[in-house]
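Worksheet for the structure shown next.
The values are calculated or read from the model by the stated rules, or taken from the named source; none is laboratory data. Computed from a predicted structure; not experimentally measured. Methodologically, a virtual Cβ is constructed for each residue, glycine included, from the backbone with ideal geometry; neighbour enumeration extends over all protein chains shown. To get the accessible areas, we keep the full protein, side chains included, count just its heavy atoms, and leave off ligands, DNA and RNA. Shrake-Rupley method; radii C 1.70, N 1.55, O 1.52, S 1.80 Å.
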Amino acid sequence: MYTEKVMDHFQHPRNVGEIENASGVGTVGNAKCGDIMRIYLDIDENEIIRDVKFKTFGCGAAVATSSMATELVKGKNIREAMQVTNKAVMEALDGLPPVKVHCSLLAEEAIHAALWDYAEKHGITIEGLEKPKSDIHEDEEEEEEEY
């Protein structure tokens, strides 16, 4: 069901923890599945992400996507980090089961939320960055559950 890379990032997650006095912190969740992801960014004066950490409460796929997302943005500038999409996270993990694709979207949104926090603190605008939602299903209509 899960690829070797997903299992590796779940069992041996990279960049777990918090960054004290982080340049940007982003927290997003998914009320439907209960996953919560927080990403911490340490960004230097050249807008390079020096360090990145995460804390995730959720399933194995949520942990794996958080771990991979931190690996994909570490060492990048903030504009390059904006290009890390949920599709890029999934591809880097060699895929996710269809029912777990939302975890990669959570990872993308957490990165964007941390970048938004950084931009707000520094009074800058990052092209293409929109104000993050705290829940990735905020704007969706309530769907009927089928049992």
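Among Ala88, Ala92, Ala110, which is the only one that is open to solvent by less than 50 Å² (accessible area, probe 1.4 Å), touching a helix residue (DSSP H, G or I) at 6+ places or on another chain (Cβ under 9 Å), without any contact (Cβ under 8 Å) to a residue 24 or more places away in the chain and hydrophobic (A, V, I, L, M, F, W, C)?
Ala88
Which one of Ala88, Ala114 is of a type outside the set (Phe, Trp, Tyr) and touching a Gly at 6+ places or on another chain (Cβ under 8 Å)?
Among Ala88, Ala114, only Ala114 is of a type outside the set (Phe, Trp, Tyr) and touching a Gly at 6+ places or on another chain (Cβ under 8 Å).
Every residue, every condition in (1) touching a Pro at 6+ places or on another chain (Cβ under 8 Å); (2) open to solvent by less than 60 Å² (accessible area, probe 1.4 Å); (3) of a type in the set (Ser, Thr, Tyr); (4) closer than 21 Å to Gly128 by Cβ, yes or no:
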{"site": "Met7", "(1), (2), (3), (4)": "no, no, no, no"}
{"site": "Asn30", "(1), (2), (3), (4)": "no, yes, no, no"}
{"site": "Asp44", "(1), (2), (3), (4)": "no, yes, no, no"}
{"site": "Ala61", "(1), (2), (3), (4)": "yes, yes, no, no"}
{"site": "Glu71", "(1), (2), (3), (4)": "no, no, no, no"}
{"site": "Asn77", "(1), (2), (3), (4)": "no, yes, no, yes"}
{"site": "Ala81", "(1), (2), (3), (4)": "no, yes, no, yes"}
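Against the condition in contact with a helix residue (DSSP H, G or I) (Cβ under 8 Å, 6 or more places away or on another chain), among the charged types (D, E, K, R) and closer than 18 Å to Pro13 by Cα, how does Glu71 come out, does it pass?
yes
Taking Val63 and the conditions (1) in contact with a helix residue (DSSP H, G or I) (Cβ under 7 Å, 6 or more places away or on another chain); (2) of a type outside the set (D, E, K, R); (3) in a strand (DSSP E or B), which numbered condition does it fall short on, given that it satisfies the others?
The failed condition is (3).
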